[in-house]
Every structure is written in C-alpha cells, then in structure tokens.
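Notes to accompany the following structure.
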Amino acid sequence: MAALTGAAAIVTGIPISKYVIAPSLGKGDGKWIDLGEIGGLAAGKVQMVAYEFMVKDGWLVLPQKGFVWVKSDGDGKLTVFSSICTHLACNVIWREDAGIFECPCHSGRFNLEGKPVAGPPTRPLTVLEHKIEEGKVKVLLTV
Ligand code: FES
C-alpha cells in the first residue's frame, strides 16, 4: 500500500512540481538582446546604448531596462562593456572629456579598455559577448 501511495505521489507530483517550479526558471538564463544598428561610430569612440526586454520572474513578466557602453575598435570591431561597476554595482558613465568610465558612487574610474585606474574597483568592467546579425548588434545578457 505504501509503495502504491508513493508511486501515486510521484506520478501526480511531477506535473504539479513542473507547474509550480517552471515559471521561476526564466531568471538566470542568458539572453541575446538586440541593440539595433550601431553605425558611424569612429574608432576609439564610446556610445551608450539602452535596452529593454521582458523577463519572467515567477508568474510575473516584468520589463528589464538598462544600458551598455559600446566602443568602436575600428574596422567594424566593437567592444561592449557592461555599465555595471565591479565594485558595488552602480552604473558607470563614460566621460568623453576625460576619456574614462566613471562611477558616481565611490569615484571608481576605468580606462578606455575597461581596466580600473582609480578608486575602489579592482576588477575590469565586464566585456559582454556580442554578435552582429543583419547589421544589428546583439549582446548576451544574463537576466
Ligand atoms: S560602486 Fe562603483 S566605485 Fe563603488
């Protein structure tokens, strides 16, 4: 009798747990985000590119907004930096006049290559994987 009860629990439990757990699996996945066409960016120049997409969190589907910094390396090559400071996760801002990324929270600074040059950050800005498809830049983000 106990074996039958256990088997019944497993048989009915699998679909129920799938229904309960599966909706929460949206977060933590890598997702390719379309940044659109990025053209005319001169070598060494940096451009902010904002994005927005929907992410599933439990039973909710919420907008996720943010931005990345795209640097032209010349010859059509790009580097896409995360805007997230590696110290305590504030957003860094590109300061064209000084040629640095600056974090307003604790005055962290990163050079054009994303390496920390001042303030508390010790790790470089994260370089995000990207690809270009049909003229559009797509970046891999973890949601
Ligand atoms: S969060 Fe950027 S320097 Fe502290």
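Each of the peptides 48-58, 66-76 was scored by the mean count of other Cβ atoms within 10 Å over its residues; in descending order, highest first, they stand as 66-76, 48-58. A cut-off of 5 Å between modelled amide H atoms, ignoring neighbours fewer than 5 places along the same chain, links ASP57 with LEU62. Distant-in-sequence amide contacts of ALA118, defined by a placed amide H-H separation under 5 Å and a gap of 5 or more residues or a different chain, comprise ARG109. Each residue of region 104-119 is assigned a 3J(HN,Hα), and the resulting list reads x, 6, 9, 6, x, 9, 10, 7, 4, 8, x, 7, x, 10, 7, x Hz, derived from the Karplus form 6.51 cos²θ - 1.76 cosθ + 1.60 (θ = phi - 60°), x at Gly and Pro. Which of the three applies to region 24-142, rounded, prolate or oblate, going by the alpha-carbon gyration tensor with a ≥ b ≥ c and a/c under 1.5 meaning rounded? Oblate. Descending by average beta-carbon neighbour count within 10 Å, the peptides 93-101, 124-132 line up as 124-132, 93-101, the highest first.
When region 24-142 is described by a simple charge dipole with +1 on each Lys and Arg Cβ and -1 on each Asp and Glu Cβ, the residue from GLY135, LEU78, PHE53 located farthest towards its positive end is PHE53. Taking θ as phi - 60° and the Karplus parameters 6.51, -1.76 and 1.60, the scalar couplings of region 120-129 work out to x, x, 10, 10, x, 4, 6, 8, 8, 5 Hz in sequence order, x denoting glycine and proline.
Given the pairs LYS71/LYS115; LYS56/LYS115; LYS77/LYS138; LYS45/LYS115; LYS56/LYS77; LYS31/LYS65, which span a C-alpha to C-alpha distance of over 23 angstrom in this model?
Values: LYS71/LYS115 14 Å; LYS56/LYS115 33 Å; LYS77/LYS138 13 Å; LYS45/LYS115 16 Å; LYS56/LYS77 32 Å; LYS31/LYS65 14 Å.
Violating the 23 Å Cα-Cα cut-off are LYS56/LYS115; LYS56/LYS77.
Values in this text are rule-based calculations from the coordinates and carry no lab data. Keep in mind it's a predicted model, so treat the numbers as computed, not measured. Positions of Cβ are generated from backbone atoms using ideal geometry, with glycine treated the same way; all protein chains shown enter the neighbour counts.
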